[in-house]
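Contents: one structure, followed by commentary.
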Amino acid sequence: MALSSQSRAAAPSTSYNSHLEKYLNTASTERIPRVRYGHRNRISPSSASADVSRFADFGREVKGIDPGNLSSEHFKEIEHLLYKYGALLFRNVDLSPEQQYALTKAFDPTCENYGHGNNKTENTKNSILHPHLKTIPRVPQVQLIGSGKVYDHEGLAEATLKHPSHTTFHKTRVSEEDEALGFTRFYRWHMDAALYDLSPPKVTTLYGVSVPQGPRQRVRYDDGTGDELEVPLGTTAFVDGKTMFDILPPELKSLAVRSKVKYAPHPYVWMAPAHALSTGLGIESEGLEMSLNELPPWEESKIKTFPILWKNPVTKQLHFQVHPCGVLRGLLYKMQRPAIAPKLVYPHDWHEKDLMVFHNRGVLHSVVGAFTKEQVRAFHQCNLAASDDPVGPDAEDVKKWS
């Protein structure tokens, strides 16, 4: 990726489109439930060190409706809430893979392909994503992720799931002794996006099928700051891209509003030999990335270049949305590191049947923690390569922030 095409859509699936139509036009003879999402339903960090003011407009728990069976009216309300608050939590939800796909697709109805391409991640053996994703056979847009062995699961007779671990990706690691005491790290801060050929998904849905419980863990940043953050076992950590921009000093805001990034072809293969920083925010400068002639075949026309800042379609606010594993990593780290300070991270405390829907073009997230062999975890993840690329700052934004 350097500082400084859209995919061909698959043929529409009649069965999925019919399911989506049914999903968005469900009529009920019963009283229409009320969507509840006010300030009392905030989802916010439990840590005493959290900057509560920064979470006032981030995240809401939605009550009173079934996300797998929404009316058109309710979906429009949910869509507005998602872009306003960045992440929506639905608890105790029964959700099939078909329903999850339909919900995700409703945010971008012409999309058909998983964010990295249907059935492609398992075929790209050198990608850092390869060991962590198993495709649900009958709904290839939905991935099974987690830890441990699962049997007879949604058409998969047996699947061995591998939870991403900093021990296999970071240059340094928490010692086994400290890991036994509950210390861990953020694995990799990112947005869900192929960053080559396909456009970044607008929304990701993450559904907890099997969620092991256990002692809380403690994230160590190990970057000389002494920063630590207590988190639930197996949390997914989120930071708000709007906050990432808002807290920048004026000179870096000026740079961000005028800059773009160009990503490497097949970036997850390109970075696979490299090691991540101890914060999970970018990679070390060791020269280990693959050269362009070592990568799978690629085309210049499919390389992605995006603005650093992406405009929220509802609030019109700017979100700092850059995948941190790039070439000019020192500058990007300086711009992004303040936003992953412990006081600005929301670590979600997962329970079975939790559904988290998040604005993938407005937040960054990271896998966290480690499980024992006895702790089996299974989640369904869905995001779809978008029908368009993100929109960056307009002329008024550039004038305001330059």
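Each reported figure results from applying straightforward, stated rules to the coordinates on display, with no laboratory input. Everything quoted here is computed from the prediction, not taken from an experiment. Glycine also receives a Cβ, built like all others from the backbone with ideal geometry; neighbour counts cover every protein chain displayed.
Structure values in brief
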read-out: FRET efficiency for E73 and T315, using Cβ-Cβ distance with R0 set to 22 Å, rounded to 0.05; value: 0.55
read-out: Across K311/K373; K162/K302; K84/K171; K171/K316, pairs whose alpha-carbon gap is larger than 32 Å; value: K311/K373; K84/K171; K171/K316
read-out: Separation of alpha-carbon centers, region 347-385 and region 124-184, rounded to whole Å; value: 12
read-out: Computed [θ] at 222 nm, deg cm²/dmol, the chain (DSSP H ≥ 4; -39,500 (n - 2.57); rounded to nearest 500); value: -5000 deg cm²/dmol
read-out: Proximal charge balance of V209 [Cβ under 11 Å; K/R count +1, D/E count -1]; value: -2
read-out: Overall form of region 93-215 per C-alpha gyration tensor (a/c, 1.5; a/b vs b/c); value: prolate
read-out: Full-extension gain in nm, N293 to L255, via 0.36 nm per residue minus C-alpha separation; value: 10.5 nm
read-out: For semi-axes √(5λ) of the Cα gyration tensor in Å, calculated from these coordinates, the label among [x] 51, 38, 14; [y] 29, 25, 24; [z] 46, 29, 19; value: [y]
